[in-house]
1. Quickly run through region 25-65 and pick out the residues that are in contact with an Asp or Glu (Cβ under 8 Å, 6 or more places away or on another chain), among the β-branched types (Val, Ile, Thr) and either more than 15 Å from ligand 2 (Cβ to nearest atom) or farther than 15 Å from Phe220 by Cβ (or both).
2. I need the full set of residues from region 147-175 which are within 16 Å of ligand 2 (Cβ to nearest atom), of a type in the set (A, V, I, L, M, F, W, C) and out of contact with any Lys or Arg (no Cβ under 9 Å at 6 or more places or on another chain), in order please.
3. Could you tell me whether Thr254 is surrounded by fewer than 18 Cβ atoms within 10 Å (Cβ to Cβ), at pLDDT 90 or above and among the β-branched types (Val, Ile, Thr)?
4. Is it true that some residue in region 201-208 is at pLDDT 90 or above, within 16 Å of ligand 1 (Cβ to nearest atom), in contact with a Pro (Cβ under 9 Å, 6 or more places away or on another chain) and of a type in the set (A, V, I, L, M)?
5. Tally the residues that are of a type in the set (A, V, I, L, M) and within 17 Å of the chain's Cα centre (by Cα), restricting the search to region 1-19.
6. Just one of Ala43, Ala12 is under 28 Å from Pro236 (Cα atoms), surrounded by fewer than 20 Cβ atoms within 10 Å (Cβ to Cβ), at pLDDT below 95 and of a type outside the set (S, T, N, Q); which is it?
7. Looking at Thr181, Thr221 in this structure, which one is under 30 Å from Pro86 (Cβ atoms), within 16 Å of ligand 1 (Cβ to nearest atom) and not charged (D, E, K, R)?
8. Please find, within region 53-95, the residue that is surrounded by the most Cβ atoms within 10 Å (Cβ to Cβ) out of those that are in contact with a Gly (Cβ under 8 Å, 6 or more places away or on another chain) and on the phi > 0 side of the Ramachandran plot.
Amino acid sequence: MDSSRFRPFSSADAVACRRVGKTWAEGTVRAHEALRDIDLDIAPGEFVVLLGPSGCGKSTLLYLVAGLEAQTDGLIASFGDPVEKPSPDRSLIFQETSLFPWLTVWQNVSFGLSIRGAPEAERRAVATEALARVGLSAAIDKRPDELSGGMRQRVAVARALAMRPKVLLMDEPFAALDVQTRAKMQDFLLDVWRDSGASVLFVTHHIDEAVALADRVVVFTARPGRIKSILPIGLPRPRDPFSPEAEALRRQLTAELKAEVDRAFAEQEALATA
Ligand SMILES: Nc1ncnc2c1ncn2[C@@H]1O[C@H](COP(=O)(O)OP(=O)(O)OP(=O)(O)O)[C@@H](O)[C@H]1O
Ligand SMILES: [Mg+2]
């Protein structure tokens with residue numbers, strides 16, 4: 001691919017998006033533009049949160065960076081190499097929990113290694129370590145339906161970590177959890193993130209979650225999703241959610257998002273009545 005027409009990127013960028021666009025079903029009557037002109041660099045070890053109205057293309061961007069779908073415009077690179085297919089360096093945790101109910105916890109966690117043909121002893125050892133990192137050693141031989149929702153999400157995180165990814169892509173991983181469990185999972189994720197050194201690209205609808213977690217928050221416009229603004233969150237960790245600085249950032253993000261959410265609703269209503 002000729003990448004010279006894009007703003008330069010380097011092998012030091014964990015993820016580099018250059019004028020990335022995605023039109024689903026391009027060239028058909030069902031063509032549907034989800035993303036336009038996304039320009040974004042993510043540094044190694046950086047925690048970036050994506051915030052935007054429903055349907056603005058956040059999940060789509062994660063699929064593109066994961067290499068599960070191809071962009072229809074622009075370029076995506078990870079550590080200097082174009083993203084063209086999935087790689088164990090980039091793990092995606094889906095919006096819905098996606099554990100296999102018929103496998104035990106450790107078999108779920110080591111599933112990626114079984115695809116590679118790793119022997120059982122190695123897979124169990126990797127799963128044991130990953131489960132210890134998410135505080136679920138005791139659940140190693142259980143099945144997903146024996147776990148709570150929060151525990152299942154921790155297994156999903158362990159499965160992603162088992163591949164030792166350089167980039168962790170997380171699509172609203174804690175959306176289904178109650179507020180207290182979500183706060184615990186955020187703390188736990190920050191610990192895991194610090195130890196792993198991975199870059200994180202994290203999608204959420206929750207402004208408080210964005211301010212609690214991010215180094216930078218990227219606010220998207222309504223569909224087709226474009227970058228509306230990028231807000232650095234310079235607060236030291238551990239963060240006090242009740243500090244005046246955190247409150248001011250939440251206010252700013254709420255204002256940024258409101259206009260776009262109103263626009264997205266109006267558009268979806270117009271489509272529904274057309
Ligand atoms: N596989 C697909 N085929 C066709 N259109 C799709 C597909 N996946 C998503 N879309 C469309 O692309 C747009 C962006 O969807 P996407 O799932 O990325 O949004 P999102 O920002 O993640 O929304 P939410 O916050 O509700 O999860 C939507 O209009 C959606 O209908
Ligand atoms: Mg989504």
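1. Scanning region 25-65 gives Ile42, Val48.
2. Matches in region 147-175: Ala156, Met170.
3. Judged against the criteria, Thr254 is a match.
4. Step one: list which residues in region 201-208 are at pLDDT 90 or above, which gives 201-208.
Okay, now just the ones that are also within 16 Å of ligand 1 (Cβ to nearest atom), so 201-207.
Still in the list and also in contact with a Pro (Cβ under 9 Å, 6 or more places away or on another chain): 202-205.
Adding the requirement that they be of a type in the set (A, V, I, L, M) leaves 203.
There is at least one residue in region 201-208 that is at pLDDT 90 or above, within 16 Å of ligand 1 (Cβ to nearest atom), in contact with a Pro (Cβ under 9 Å, 6 or more places away or on another chain) and of a type in the set (A, V, I, L, M).
5. Taking region 1-19 and keeping what is of a type in the set (A, V, I, L, M), we get 1, 12, 14-16.
Subsequent filtering for residues that are within 17 Å of the chain's Cα centre (by Cα) retains 14-16.
Going through region 1-19 one residue at a time, the tally reaches 3.
6. Numbers: Ala43 fails: at pLDDT below 95.
Criteria check complete, one pass: Ala12.
7. Working: Thr181 fails: within 16 Å of ligand 1 (Cβ to nearest atom).
Going through Thr181, Thr221 in turn, just one is under 30 Å from Pro86 (Cβ atoms), within 16 Å of ligand 1 (Cβ to nearest atom) and not charged (D, E, K, R): Thr221.
8. Gly57
The values are calculated or read from the model by the stated rules, or taken from the named source; none is laboratory data. Computed from a predicted structure; not experimentally measured. No Cβ is skipped: glycine too gets one built from the backbone with ideal geometry, and neighbour counts run over all protein chains shown.
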